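What follows is one structure encoded as structure tokens, with my remarks underneath.
The values are calculated or read from the model by the stated rules, or taken from the named source; none is laboratory data. Values in this document were obtained by computation on a predicted structure and should not be read as measured data. Neighbour counts run over all protein chains shown; Cβ positions are idealised from the backbone, glycine included.
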Amino acid sequence: MSTPELLDLARELMRQARPHAWVTVIAVKPPSSAYLGAQAVVEADGSLHGWVGGGCVQSVVKATALRVIATGQAQRLRLSNSGDPMDDVDVQPMQCASNGDVELFIQPAAVTPRLRVYGNTPAARAAAWFAREVGFEALLDSAVAATGEFAATFGLPGDAAHVSALPAPESYALVATQGDGDEAALEDALQSPARGVLVVASRRKAERLRAAMRLRGIAEERLADMHAPAGPDIGATTPGEIALAAVTGLVALRHGRRESTAGGAGEETRAEPGKAGPPVQIATGYVNPVCGAQVDPSTALSSLTMEGQTHYFCCTGCREEFERHPGKYLAIGARMRLTETPKAGA
């Protein structure tokens, strides 16, 4: 593919906002089929257009380009068997029989990441602002952004009030509901294509939310993409400080500097393939099927009897959610009873 053809392809990919990477050969040590200044374009599906070397070069270039697209960070790549390390250069062995050296510069294009922010809170609005400042296309939930403001921000028709009107799914999600519909927002975020879901919550609350998501049928593999607390402990107290910490965690996650916190601080707890996650253990009392909180029936703030069973809730909000989707939560309650720990001697 000639340079003009590559430029035409890149323009079309940019027009469609499709992530891709430019690859340029910046140094060559013969013998090699690559040449100085040779270029290629790699799409997010791994398709390579252009010429930067033979098959033994292309496979490594594709893998590196996909990483560059995912992280948004440019990378120098050197294929060589000399064994000489180079600062800030990814040195990989040259697999070609010619045994030459090739150095390439790989840079991302059209990879502006998207962030869906859930919540009608000051922290949610502040997080959207911080995220835009560090290069994210922050999409406030429709409950936060007025139709006109949303449409004007993203160049949409005036009646397009929700992020589903956008041409592509967001890359990340931040749940900053802070007690107002946490479970519903988190479930929606985990069922979306978001690569990572960050939650503004304490570790204790995060574990309760994870338990609630398990009851709602969210797989352990997907729960491993949930990051809570959303950011590092900076002693945040105000909404702005909380938002700053959350966006700091978002940036770290995007650049691969953060492990999953599915089981606690910095612990990777992704379930092994084919193995189910741990069952929800019910010790005493009743577990609210909406949020997963354990409720003492004698002190429950609200209750509801349906299909011959009384359900207890920690707040009226959970009861209202139950009443809106009774079938869903009756099924969750049935699964919870199946995971209840048998009594001794039973």
| said: Take the conditions in contact with a Gly (Cβ under 8 Å, 6 or more places away or on another chain) and either more than 30 Å from Asp188 (Cβ to Cβ) or not in a strand (DSSP E or B) (or both) and apply them to Ala34. Does it pass? | reply: yes
| task | Give, as residue ranges, the strands (runs of 3 or more DSSP E) completely inside segment 69-141 that count at least 3 residues that are within 28 Å of Gly181 (Cβ to Cβ) and of a type in the set (A, V, I, L, M, F, W, C). | result | 137-140
| query | Looking at segment 237-253, is at least one residue assigned to a loop (DSSP other than H, G, I, E, B), surrounded by fewer than 21 Cβ atoms within 10 Å (Cβ to Cβ) and modelled with pLDDT of 90 or more? | reply | yes
| Flag if Pro93 is modelled with pLDDT under 85 and closer than 29 Å to Arg11 by Cα | no
| note | Given the conditions (1) closer than 22 Å to Ala40 by Cα; (2) modelled with pLDDT under 85, every one holds for Asn81 apart from (1)
| task | Output the number of the condition that Val23 fails; it satisfies all remaining conditions of (1) among the β-branched types (Val, Ile, Thr); (2) within 30 Å of Val199 (Cα to Cα); (3) not in a loop (DSSP other than H, G, I, E, B). | result | (2)
| note | When segment 31-50 is checked residue by residue, the ones that are touching a Ser or Thr at 6+ places or on another chain (Cβ under 8 Å) and either of a type in the set (Phe, Trp, Tyr) or exposed (fewer than 14 other Cβ atoms within 10 Å of the Cβ) (or both) are Pro31, Gly37
| query | If only one of Glu220, Glu187, Glu207, Glu183 is buried (at least 22 other Cβ atoms within 10 Å of the Cβ), modelled with pLDDT of 90 or more and under 22 Å from Ala331 (Cα atoms), which one is it? | reply | Glu183
| What is the one condition in (1) within 30 Å of Leu330 (Cβ to Cβ); (2) part of a loop (DSSP other than H, G, I, E, B); (3) at pLDDT below 90 that Ser164 does not satisfy? | (2)
| task | List every residue pair whose Cβ atoms sit under 8 Å apart, with the two residues 6 or more apart in sequence or on different chains, where the first one lies in segment 297-318 and is on the phi > 0 side of the Ramachandran plot and the second, anywhere, is surrounded by 13 or more Cβ atoms within 10 Å (Cβ to Cβ). | result | Glu307/Leu330
| query | Can you find even one residue in segment 5-13 that is closer than 14 Å to Val61 by Cα and touching a residue at least 60 places away in the same chain (Cβ under 8 Å)? | reply | no
| request: Taking the residues in segment 319-346 that are hydrophobic (A, V, I, L, M, F, W, C) and modelled with pLDDT of 80 or more as candidates, determine which candidate is nearest to Arg216 (Cα to Cα). | output: Leu330
